[in-house]
1. Any residue at all in the stretch 50-73 that's closer than 16 Å to A343 by Cβ, in contact with a helix residue (DSSP H, G or I) (Cβ under 6 Å, 6 or more places away or on another chain), at pLDDT below 95 and not in a helix (DSSP H, G or I)?
2. Report whether or not R389 is basic (K, R), outside any helix (DSSP H, G or I) and under 23 Å from the mean Cα position of the chain (by Cα).
3. May I ask you to say which residue of K376, K354, K300 is open to solvent by 20 Å² or more (accessible area, probe 1.4 Å), over 26 Å from S62 (Cα atoms) and without any contact (Cβ under 8 Å) to a residue 60 or more places away in the chain?
4. If a residue has to be touching an Asp or Glu at 6+ places or on another chain (Cβ under 9 Å) and more than 26 Å from K190 (Cβ to Cβ) to count, how many in the stretch 214-245 make the cut?
5. Out of the stretch 98-143, which residues are open to solvent by 10 Å² or more (accessible area, probe 1.4 Å), part of a helix (DSSP H, G or I) and of a type outside the set (A, V, I, L, M)?
6. Only one of these is farther than 30 Å from V116 by Cβ, modelled with pLDDT of 95 or more, within 23 Å of the chain's Cα centre (by Cα) and open to solvent by 30 Å² or more (accessible area, probe 1.4 Å): L288, L313. Name it.
7. When only residues in the stretch 174-198 that are of a type in the set (A, V, I, L, M) and either without any contact (Cβ under 8 Å) to a residue 24 or more places away in the chain or open to solvent by 10 Å² or more (accessible area, probe 1.4 Å) (or both) count, which is nearest to K320 (Cα to Cα)?
8. Give me a count of the residues in the stretch 243-266 that are assigned to a helix (DSSP H, G or I) and closer than 14 Å to V428 by Cα.
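The values are calculated or read from the model by the stated rules, or taken from the named source; none is laboratory data. Worth saying up front: this structure is predicted, and the values here are computed from it rather than measured. Positions of Cβ are backbone-derived with ideal geometry, glycine not excepted, and every protein chain shown enters the neighbour counts. These accessible areas exclude ligands, DNA and RNA; they are computed on the full protein's heavy atoms, side chains included. Shrake-Rupley method; radii C 1.70, N 1.55, O 1.52, S 1.80 Å.
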Amino acid sequence: MTALTRRSVLRSSLGLAAAGALARPYIADAAAKTATVWWTQGFAEEEDIAFKKLVDDYQKASGNTIDYSIIPYAPLRQKIVSAVTSGAVPDLFQNALAEMIALFAWDDKLVDVSDVVETQKEEFSETALLSVRCYNSVEKKRSIYGVPYTIDVLPNHIWRPLVEKAGHKMEDIPKTWDAFYDFFKDVQKKLRAQGERHVYGMGLNVTTNGNDPNNVFNYFMIAYGGRDIVTRDGKLHLDDPKVKEAASKAIAYPTTAYKEGYVPPGAVNWNDADDNNAFHAKQIVMDLDGTISTEVAIIKNTQDYNDIVTVGLPLDNDGKPVPSQAASLCGLIPKAAKNVDAAKDFLKYLIQPKVADDYLKTGLGRRVPAMPSIAKDDPWWLDPKDPHRVAYTTQCLLSPTVPQYWVFNPAYAQVQSEHVLPQAWADVITGGMTPEAAAEKAFKRIAEIFAKYPIAQG
């Protein structure tokens, strides 16, 4: 798998002048057009304000009209699936469920947007570009089916006052994977001894709803050595002993923590926002969750904002770096769209570095731009005055990243859509299965799914 390292970012930065010459400026089309756009409602009000400003600026620059709807996350996922199924689609929507780009591309439901990405191709990180290069079973080839503008990973969010109330300092937290998360079990024990009966050590998403459980499972599996369950050639490696062991461990650790009482009982039913809510309520000491939505949602509460510590991933149990599996929020144009040119024009405008920078900054930096040069050229992203943003930008752009597995084979998108591996958590927690038996059951289903997705290699 491809990893974005500090060295590759520096190479990109040194080549900035050349890249700038290759990146094409936005030029509006002569005839005014209208595009219907569905956009995800932000976790913080500022994200919606940022989108409205983006639209206003674009309409002034282009003369075109954006007829937009801002829709909450979960309803938007359902609305998109229904629209693509029926054919009554907007001209543009976001990948509200990360893997939908791979599934829709496979079914030939998306417009190839290579021409849009080409206008700024030299600016994007390699992981961001890989994340939108999907396989079309009708065309029998890969191409670019999404226009990325963010790079998103999962950092750890920690309440420093709860750690300190337990008699620890942040510096006491171990640096390797199991020891890192075990630390919060001890924090819970010491808080409970002080009468904090409703505080749990960890906010692990042992559920089968939304994006979060798939992401958390993959992070644990990668940390335990199962990174090559799907390799870049699109091949599945369920017989690899390392993959088998990693999957079993990725099932065992979260379920054991849950059964031992270190994860809230309701976590088995959480949706993607519920761990955020539990964290804000100080029901959990730490949470492994995507972006810094947890922090920016309470940015106006200065005390709480400053009391949270954002931390990247610990090392694996052997002391080696664990790459963050990354995805990109991107714009998708359905094939049945009536105004493809207008949708493409809006996306070309959005991915201009200055426009993308301003848009994401206005949204409080919850998401990091998919272009390393933006973080290099704009000191705001690494300003030490905001340690949350520094930690997250560093994890996204200056630390190793790998793309999602469905980038290499769309079958894994179906695996995640069905929550096959998180279901193994449920099999252990409520079904009484062993982690090994749950892994075997999951692997059987994964093999069945992959058999339905024959792809040309490359």
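1. Within the stretch 50-73, not a single residue is closer than 16 Å to A343 by Cβ, in contact with a helix residue (DSSP H, G or I) (Cβ under 6 Å, 6 or more places away or on another chain), at pLDDT below 95 and not in a helix (DSSP H, G or I).
2. So R389 does not fit the description; no.
3. K300
4. 13
5. Listed by number, the residues that qualify are F104, W106, S114, D115, E118, K121, E122, E123, E126.
6. Selected residue: L313, the only one of L288, L313 that is farther than 30 Å from V116 by Cβ, modelled with pLDDT of 95 or more, within 23 Å of the chain's Cα centre (by Cα) and open to solvent by 30 Å² or more (accessible area, probe 1.4 Å).
7. The qualifying residue nearest to K320 (Cα to Cα) is A179.
8. Residues in the stretch 243-266 being assigned to a helix (DSSP H, G or I) and closer than 14 Å to V428 by Cα: 13 in total.
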